[in-house]
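This report concerns only the one structure given below.
The values are calculated or read from the model by the stated rules, or taken from the named source; none is laboratory data. Owing to the predicted nature of the structure, the values given are computational and were not obtained by experimental measurement. Cβ placement follows ideal geometry from the backbone for every residue including glycine, while neighbour counts extend to all protein chains displayed. For the accessible areas, the whole protein counts, side chains as well, though only heavy atoms, and no ligand, DNA or RNA atoms are used. Shrake-Rupley method; radii C 1.70, N 1.55, O 1.52, S 1.80 Å.
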Amino acid sequence: MSIDQGPQPAAANRRWTVVGPWFAFIWLFFLITPLHVGWQARDTPEGVIGIVATLCFAVAYMLIWVRARGMLRLVEQPPASFVAPYLAVLGLLAAVMIATLGEGGIAGLVYLAVACVMTLPTPAVYIAIVCIAGGVAITGLVPGWGSQIDTAFAVCAASAAMLGVRSVMRRNVALVGAQHENTRLALADERNRFARDLHDILGHSLTVITVKAELAQRLVDVAPDRAKQELADLERLSRDALADVRRAVEGYRELTLPGELARARAALEAAGIEPVLPQSTDEVPSGLRELFAWTIREGVTNVIRHSGARRCEIVLTPRSVTVHDNGHGRRAGNESGSGLTGLRERAGAMGAVLTTRTGSGFELVMSADGEVSP
């Protein structure tokens with residue numbers, strides 16, 4: 001038995017591992033400005049240091065996007081052991097860029113703000129954004145520098161955009177977790193249902209087989225003929241139980257007589273109808289079990305949908321099954337429903353007869369008086 005668990009996230013993770021960093025790498029385009037300033041001053045120590053600091057800043061900034069795929073808790077619970085050194089390095093490199101490249105190095109503060117959004121807890125994010133944007137705006141007071149209001153706005157806009165990205169990432173992580181949990185619960189539920197079905201199918205049959213085996217052992221010396229009969233019953237019961245188990249494993253639980261009785265009990269009790277069911281299916285021949293199971297399913301469905309009954313009784317004999325309720329009977333026009341029509345076709349194909357009676361309730365009887373066609 002298996003359950004379709006849906007598409008696995010591994011392939012998507014591998015695609016993001018390759019494509020995601022390149023998507024983030026595109027936004028490093030805005031570091032061309034400090035690189036251009038450094039290149040113009042490449043003959044000076046400040047220019048060389050500024051170029052190296054800018055390149056190192058770009059590499060360090062990309063680290064967050066590479067680590068984010070392998071460490072999803074960056075989205076919810078950034079580990080301080082990673083965040084503190086990471087932001088310290090970015091801040092130091094941004095300071096070196098500003099010190100060596102002047103006004104051209106301020107672009108690094110936009111990326112620093114984005115890194116803060118990706119790594120800091122939510123309350124600290126807003127403090128960091130305000131501080132960085134305010135610091136950028138103040139640099140406009142430096143003699144010879146122009147107004148930095150545009151850069152301060154870029155800090156706020158980029159941070160707001162990344163807050164949205166981080167929110168989406170959180171939801172995606174939560175969705176993946178919910179999918180895994182749903183899969184686990186569905187698998188556990190299927191296992192429990194399969195275990196219940198096997199218990200319904202085998203529990204009583206194995207008990208009867210054990211009792212008959214003990215009886216045959218006691219009779220083998222005192223009543224050999226009776227012992228042979230018990231042994232023949234043992235063989236039939238074991239074959240029937242094996243057939244039921246095979247149907248259950250193959251996914252045809254709806255065609256097993258013990259399983260249908262168990263489901264009938266649960267359905268009737270859920271509908272507030274008292275179930276009166278047989279305790280054993282052992283007397284029913286293998287050739288009739290599937291037909292009787294369909295009869296019980298259709299009969300119980302009709303009782304729940306149409307009868308208004310308070311009590312439903314199912315009677316099994318080796319050659320018939322009866323479903324009787326104490327409701328108001330079927331209404332006019334309901335006697336030829338598609339369910340009963342299909343059941344009559346099944347019965348006719350096997351040489352059985354389906355009859356219905358209305359009186360004190362409604363009665364559905366499937367009987368096979370003669371030999372049943374295989």
Original post:
Label points 7 Å out from Cα along the Cβ direction at residue 62 and residue 126: separation in nm?
Top reply: 3.5 nm
**OP:** Take the alpha carbon gyration tensor of the range 34-193, find the square roots of its eigenvalues, order them as a ≥ b ≥ c, and report rounded if a/c is under 1.5; if not, report prolate when a/b exceeds b/c, else oblate.
**Re:** prolate
Original post:
With the other protein chains left in place, how much accessible area per residue, in square angstrom, belongs to the range 77-199 at a 1.4 angstrom probe?
Top reply: 52 Å²
**OP:** May I ask you to order 262-273, 103-114 by the average number of other C-beta atoms within 10 Å around their residues, highest value first?
**Re:** 103-114, 262-273
Subject >> Rounded accessible area of residue 142 (nearest 10 Å², 1.4 Å probe) >> reply: 60 Å²
Original post:
Ignoring ligands, DNA and RNA, what percent of the accessible area of the range 108-155 is carbon or sulfur (1.4 Å)?
Top reply: 80 percent
Original post:
What is the gain in length, in nm to one decimal, between residue 89 and residue 147 on full extension, counting 0.36 nm per residue of separation less the C-alpha to C-alpha distance?
Top reply: 18.2 nm
Original post:
What is the list of residues in the range 169-195 whose amide nitrogen lies under 19 Å from a point 7 angstrom out from the Cα of residue 266, following Cα to Cβ?
Top reply: 183-195
Original post:
Ranked from the most accessible area to the least, with a 1.4 Å probe and all protein chains present, what is the order of 312, 156?
Top reply: 156, 312
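What relative contact order, as a whole-number percentage, does the range 117-174 give when Cα pairs under 8 Å and 6 or more residues apart are counted?
This gives 35 percent for the range 117-174.
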**OP:** Go through the range 279-291 residue by residue and turn each phi into a ³J(HN,Hα) via Karplus (6.51, -1.76, 1.60, θ = phi - 60°); whole Hz please, and just put x for glycine and proline.
**Re:** 8, 8, 10, 5, 7, 7, x, 4, x, 9, 4, 5, 4
**OP:** Treat each spin label as a single point 7 Å out from the Cα along the C-beta direction, and report the residue 218 to residue 165 distance in nm.
**Re:** 8.1 nm
